[in-house]
1. Which numbered condition in (1) in contact with a Lys or Arg (Cβ under 8 Å, 6 or more places away or on another chain); (2) closer than 26 Å to Gly134 by Cβ is the only one that Gly45 fails?
2. The conditions are (1) touching a strand residue (DSSP E or B) at 6+ places or on another chain (Cβ under 6 Å); (2) at pLDDT below 95; (3) charged (D, E, K, R), and Asp63 fails exactly one of them. Which is it?
3. Conditions first: (1) touching a Leu at 6+ places or on another chain (Cβ under 8 Å); (2) buried (at least 18 other Cβ atoms within 10 Å of the Cβ); (3) in a helix (DSSP H, G or I). Phe91 passes all but one, so which condition is the exception?
4. Just give me the residues in segment 59-104 being polar (S, T, N, Q) and farther than 22 Å from Ile25 by Cα, in sequence order.
5. Working only within segment 29-60, note down all residues that are assigned to a loop (DSSP other than H, G, I, E, B) and modelled with pLDDT of 95 or more.
6. Among the residues of segment 105-132, how many are in a helix (DSSP H, G or I) and either closer than 16 Å to Arg31 by Cα or in contact with a strand residue (DSSP E or B) (Cβ under 9 Å, 6 or more places away or on another chain) (or both)?
7. Determine which single condition Gln8 fails, assuming it passes every other condition in (1) surrounded by 15 or more Cβ atoms within 10 Å (Cβ to Cβ); (2) part of a loop (DSSP other than H, G, I, E, B).
Amino acid sequence: MAGRTKRQVGKSLMVVDTKREIIDILQITNRRFMYDPQTGILILGDEAYGQSIAGSHAQEFYDSQAGGRFDDYLRGWIGTSKSYPCGVIHFAPAVVMEQFDRGFDTLQMFARLEGTGDDTVIRGFCRLWEERIGAILSASLGGKD
């Protein structure tokens with residue numbers, strides 16, 4: 001996806017068009033995400049680390065004014081920590097087998113962002129509790145594209 005503009009990750013609510021913009025996930029400590037694989041829109045909630053999180057995915061969706069339907073977005077948490085120095089992408093609610101295609105498209109989007117490597121941990125994807133993104137994508141993609 002050549003030609004995408006690199007966007008600085010801010011601490012407040014962000015709406016990212018992943019077809020036109022790229023971010024570095026290693027700049028994220030702890031925040032909610034919502035992603036619609038059909039539109040390529042990624043909503044990042046307010047950065048929250050060491051403090052209680054106010055609101056909900058639904059409130060952040062409303063505040064973002066991103067459009068579309070809330071239920072079209074896969075949701076979860078993203079960030080880095082001492083336990084996850086290469087990043088973690090945690091689907092919450094977990095992606096179920098009926099959502100496999102949408103979930104896999106979401107993993108491919110994350111794999112194309114800066115900071116995502118084979119050691120980025122994925123949690124809550126189908127029947128896997130915790131797995132590295134490289135292990136999930138390598139069978140069908142031959143690794144990061």
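1. Every condition holds for Gly45 apart from (2).
2. Unmet condition: (1).
3. Checking Phe91 against (1) touching a Leu at 6+ places or on another chain (Cβ under 8 Å); (2) buried (at least 18 other Cβ atoms within 10 Å of the Cβ); (3) in a helix (DSSP H, G or I), the one that fails is (3).
4. Going residue by residue through segment 59-104, those that are polar (S, T, N, Q) are 59, 64-65, 80-81, 83, 99.
Of everything in segment 59-104, those that are polar (S, T, N, Q) and farther than 22 Å from Ile25 by Cα turn out to be Gln59, Gln65, Gln99.
5. Within segment 29-60, the subset assigned to a loop (DSSP other than H, G, I, E, B) is 29, 37-40, 45-56.
Residues satisfying the conditions are Pro37, Gln38, Thr39, Gly40.
6. Of all residues in segment 105-132, those in a helix (DSSP H, G or I) come to 105-111.
When the remaining residues are screened for being either closer than 16 Å to Arg31 by Cα or in contact with a strand residue (DSSP E or B) (Cβ under 9 Å, 6 or more places away or on another chain) (or both), the result is 105-107, 109-110.
So the count comes out to 5.
7. (1)
The values are calculated or read from the model by the stated rules, or taken from the named source; none is laboratory data. The model shown is predicted, which means the values in this text are computed figures rather than measured ones. As a convention, Cβ positions derive from the backbone with ideal geometry for all residues, glycine included, and neighbour counts pool all protein chains shown.
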